[in-house]
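S.K.: Quick one: structure below, then a few questions.
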Amino acid sequence: MGTKIIKILLLEYKIDKKPDYIKLGNKVDKIIEKNIPNGKYIVRALSSYDHPKLSLNKLLKIRT
């Protein structure tokens with residue numbers, strides 16, 4: 001099985017407002033379940049919370 005990358009856009013996420021983690025998580029879960037068959041997987045999410053020394057612009061450059 002080759003590498004499959006799924007890009008999930010969370011347009012309802014706003015950086016200046018606390019997110020509804022349950023709603024966003026459910027959306028992500030549904031997309032993953034729809035696009036990937038049962039199995040063992042690794043998921044990597046990059047967050048500005050995890051990298052407080054990086055500006056948002058620098059973090060976005062890493063992600064894209």
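All of the numbers you see were taken from the coordinates with simple rules; none came from a lab. Note that the structure is a prediction, hence the values are computed from the model and not measured. Neighbour counts are summed over all protein chains in view; Cβ atoms, including those assigned to glycine, are modelled from backbone coordinates with ideal geometry.
S.K.: Please sort by residue number the trypsin sites (Lys or Arg not before Pro) in the range 7-39 whose DSSP state is loop and whose Cβ has at most 11 other Cβ atoms within 10 Å.
M.R.: K7, K14, K17
S.K.: While we're looking at this one, here's another question. Say R0 is 22 Å: what FRET efficiency, to the nearest 0.05, do Y21 and K61 get from their beta-carbon distance?
M.R.: 0.30
S.K.: In straight Cα distance, which lysines are under 20 Å from K30, not counting same-chain residues fewer than 8 positions off?
M.R.: Excluding near neighbours in sequence, the set is K4, K7, K40.
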